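Here's the structure, in C-alpha cells; my notes come after.
No value in this document is a laboratory result; all are computed from the given coordinates. Keep in mind that what you see is a predicted model, and the values were worked out from it rather than measured. No Cβ is skipped: glycine too gets one built from the backbone with ideal geometry, and neighbour counts run over all protein chains shown.
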Amino acid sequence: MVLYSPKRSLTFASIQHLIGYWVFVFLVAFAPFLTVYNNSVQINNLVSVVQCFLFLMFFPQSVASIKSIIFEKGNALLSFFILSFVFVILVSSVLNRTLSSSVAYLSHILFFFTAVFFLSACSENYARLLRWKILSVFSVCIIFFVFRFLDKVEFYETVFRYPPIYRHLRHLNYDLMLAVGACFFLLCSGRIRELSFYSLVSLFVLISLWSGGRGQLLAFVVFLVLLSVTGGGRESLVTLIIAVLMTFLIWVSGDSRFMLGQLERTLYFTNINGVSSGRLNIWKDTWLEIMSGGWFGHGADQFRIFYDSWIVHPHNAALQFMFEYGVAGLLLFVSFILWTASVCLKSVFASRLKGDVAVTAALILAMYAYSMVDGIFYHAIPFSFMVLLSAGLFVKLSKKKALAQLP
C-alpha cells in the first residue's frame, strides 16, 4: 500500500495514512526537539497522548491488529505477556492510586498494536522511519557542534549541563545508539551507500565517545559483537576501527574533558559506587524500598517521589519495574526479557534470517544491555522507539513464517 501519490486522488484513507505517517515521524524523530521547553516527565506525558491519538486514529485497524495477535495460536506467549502486563499495571494502579501515571505504559502497549498494523500495511514505512531517526540525530549533533564553536567559553556549562536540546547530554546517547543501529539496518537492506553509512557512524561514534556515555558504549560493543556473527563482520570491524580513530581525534584535539572524566571514574575509583556514578547507592536504596512494596509495588513513576533528588529513575530496568510493580512486575519483566532475548538471539544466529532482520534483533538486545545501567524504559522517546523496533521485528518474523508455510 502506498501512503500517498500525487497521481492518485485524495481519499479519506490516503489522508488518514498521510497524517498517521507524520505522527509516527514526530514520535520517532521530532519529539526530542520539544525538550527545549519541556522536561522528561512532560515529554513522557506528551508522547503518551500522541500514542493514544494514533491508536484512536487507526482504531478499526488497531483493533484488528489486537485480534490477529492475541487470538493467533502462534502468538500465545506474546498474548500471555501483553495481557499479564495490562493486568499487573491495572491492579497496581488501583492499589496505589497511580492510574494517571500508568497511562505511559498502557499507551506503549496500544502503540505496539498500531505500529504492527502500520508497518504491515507498507513494509517501506519501517525504513522510512529509521531514516527520519538518523536525520533527527544528525541534526542534533550538528546543533551541538555549532554551540561548540560559537560559545567556547561557556560551552561545557551550556551544552553539558543545560543543553539546547535534551535536558541532559546523556539523554542524547539513547538516540545515538539507536541511530547507529538504524544506519546498519539501512546498509544491510541496501537503502544507504557505504560512504554515507561510515560518515554518519563516524559522527555518531565521535559524539558518543566525547560525551563519555558508558551505558551507550556498552550497548555499542554488544551490538558490534552480535553483528559480527550475522555476516556483518567487515562492517563491524571497520566501525570498531572508526571508534579507535575517533578516540584518537578527541585526544589530540584537546577536547577530551567529558571522555577522560568517565575513564577516570572507571579506572581510578576504589569502589563500585564511584565507578558507576553513584548507581550502586541508588540500586541499594531502591532495593531496600522495594521490600516494602509487596506483590504490586509502589505504582508507576513513583521513584522520583521516593528518591527526593533530581534523579527520577533507578537506572536499571529490572529494579524500576520491581519498584513500580513489585514481585509480580519483576517476575513478569524478567520472563519477558528472557523470552524476547531468546527470540532475538535465534534471529541473529539463524542463517535464513540474516540481513535487516538480524540487525533489528541485535539492536534490541544491545538496548536491553543498555537498560541494565540506564533508564531507556523510563524516558518515552527511546521507549517508544524500542516498541517500534519490536513491532518491526514482529512483522518481519511473521512474514518470514508465512512465506515458509507456502507450498
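For Y166, nonlocal amide neighbours, meaning residues 5 or more places apart or on other chains whose placed amide H falls under 5 Å from its own, are T35, V36.
Peptides 81-88, 209-216 ranked from most to least packed by the mean count of surrounding Cβ atoms within 10 Å: 209-216, 81-88.
Using the Cβ-Cβ distance between M372 and T11 with R0 = 45 Å, the FRET efficiency computed as 1/(1 + (r/R0)^6) comes to roughly 0.45.
If R0 is 22 Å, the Cβ-Cβ spacing of S79 and L345 corresponds to a FRET efficiency of close to 0.55. Computing FRET efficiency as 1/(1 + (r/R0)^6) for H168 and L135, where r is the C-beta to C-beta distance and R0 is 35 Å, gives about 0.95.
Per-residue packing, averaged as other Cβ atoms within 10 Å, sorts the ranges 111-123, 169-181 into the order 169-181, 111-123, beginning with the highest. Computed over region 1-128, the percent of Cα pairs more than 22 Å apart is 46.
Measuring from centroid to centroid over Cα atoms, what is the spacing of region 169-235 and region 47-125 in Å? A separation of 29 Å, based on Cα centres. Taking 7 Å steps out from each Cα toward its Cβ at V86 and V238 produces label points 4.6 nm apart.
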